[in-house]
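Chemist: Structure provided below as structure tokens; questions to follow.
The values are calculated or read from the model by the stated rules, or taken from the named source; none is laboratory data. From a predicted model like this one, the values you see are computed outputs, not experimental measurements. Glycine gets a Cβ as well: all are built from the backbone with ideal geometry, and neighbour counts include every protein chain shown.
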Amino acid sequence: MAERIQKLLATAGVASRREIERLIAEGRIQVNGQPAVLGQAVNADDKIRLDGRPLNLSHKTEPTRVLLYKKRVDEVVTRDDPDGRRTVFRKLPALESGRWIAIGRLDINTSGLLLFTNNGELARRLMHPSFQVSRTYAVRMHGTVDPSMIDRMRRGVTLDDGPAKFESIVPGENEDGAASNQWYHVTLREGRNRLVRRLIESQGLQVSRLIRIAYGPISLGRGIKSAASREATPSELNALMAVVGMQPEAGPAGKKARGAAGPGGSKRGPVKPITVGRVSRQSARKQSEQGWPENKRDRGRDSVERDDAGGARARTSRSRPGGDSRPSGQRPTGGARKQSGAAEGSAASRSSSSARPSATRAPGKPSGARIEDSGKPRSSKPGMRPSRSGARDRASGPGSPKPRKPSR
């Protein structure tokens, strides 16, 4: 379907319709190798070039997007500044197709809300005077402001480029009109160059600060840092398109919202079971044959004592030999088990120490000379438990090695 070149390029996000008309007048746009003319009918299959670079209009355009940018003083609303000053386009996110279009302009000394969009038709309608989109500013006036000045700016003042007026002038919340610098909120429905400043200066006043706080239904609000931007919410985008008579676009179908919960109620999907530790094949086979114990206290744990030769000497079990066949109501409790275990361990220690006397160094003798004690457990302090190493057999004689210090 053929469309006028201004509308086609504006819808594709190349530039605003007014900007495209200027580029055509300067001869910078070509269609099929020939200079374009205003109102020329073109379609997506035509070969269109801008400054010698081809414009690919055959692919599907992105959905309409709007950015809320908080401009600061000393930034200029242009893509390339010959003086090397900061531009508002340097921090905007990249687009897959088209480019960002500034909706209106703010001079270098004005800060506040600046809208960007990738939809050229939306930008044209928001800036065109026929749609009467409101702009609200917070302005600090320097000088004595009397009611007659306010009334004249409301009724209208004739400027160099025609009449102009404020739709509303409201004093700031904390202003009483006595100080030389007063804050006001002013609203107008035109976007001519430096219109707010020229209206106020026509009354002999000066503008010491100017901030745009709203554009149509979009307010600057809080939460945006200086020289930063955020994406317009769906409700803000729909309200902005409704002001200029455009139908809101349907969101992309099938696209999952960011941060949506996955299966199982988790954003990262279902939770996988966690396995702690490993069980050897022999232990697993033994447990499958004997049956899993009811709790850790019923599970028998084998301890192995080794002699000096490194072989296994004896195996004992902390559980009752042959298992406990008594009913659960007659089994000893945890405290009784600990006491009985401590008594059995003490008796075993006394019997082993009496059966195998340990060898100690004889006082006044060389390191190799050793004597046999009377069977008492080796202990450095009274009341200490005898160590397991003190109950082991050690060879005596001049050539025997020095006994190893028991580990703590």
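Chemist: For P273, work out the one condition from (1) modelled with pLDDT of 50 or more; (2) loosely packed, with under 11 Cβ neighbours inside 10 Å; (3) out of contact with any strand residue (DSSP E or B) (no Cβ under 9 Å at 6 or more places or on another chain); (4) not charged (D, E, K, R) it doesn't fulfil.
Modeler: Looking at each condition in turn, P273 falls short on (1).
Chemist: Could you grab me the full set of residues in region 82-100 that are in contact with a strand residue (DSSP E or B) (Cβ under 9 Å, 6 or more places away or on another chain) and part of a loop (DSSP other than H, G, I, E, B)?
Modeler: Hits for region 82-100 are D83, R85, R86, V88, F89, K91, L92, P93, W100.
Chemist: Only one of these is in contact with a Phe, Trp or Tyr (Cβ under 8 Å, 6 or more places away or on another chain), outside any loop (DSSP other than H, G, I, E, B), modelled with pLDDT of 90 or more and basic (K, R): R212, R230. Name it.
Modeler: R212
Chemist: Can you give me the ranges of the strands (runs of 3 or more DSSP E) entirely in region 3-64 with at least 1 residues that are surrounded by 11 or more Cβ atoms within 10 Å (Cβ to Cβ) and modelled with pLDDT of 90 or more?
Modeler: In region 3-64, 29-31, 48-50 are the strands (runs of 3 or more DSSP E) which contain 1 or more residues that are surrounded by 11 or more Cβ atoms within 10 Å (Cβ to Cβ) and modelled with pLDDT of 90 or more.
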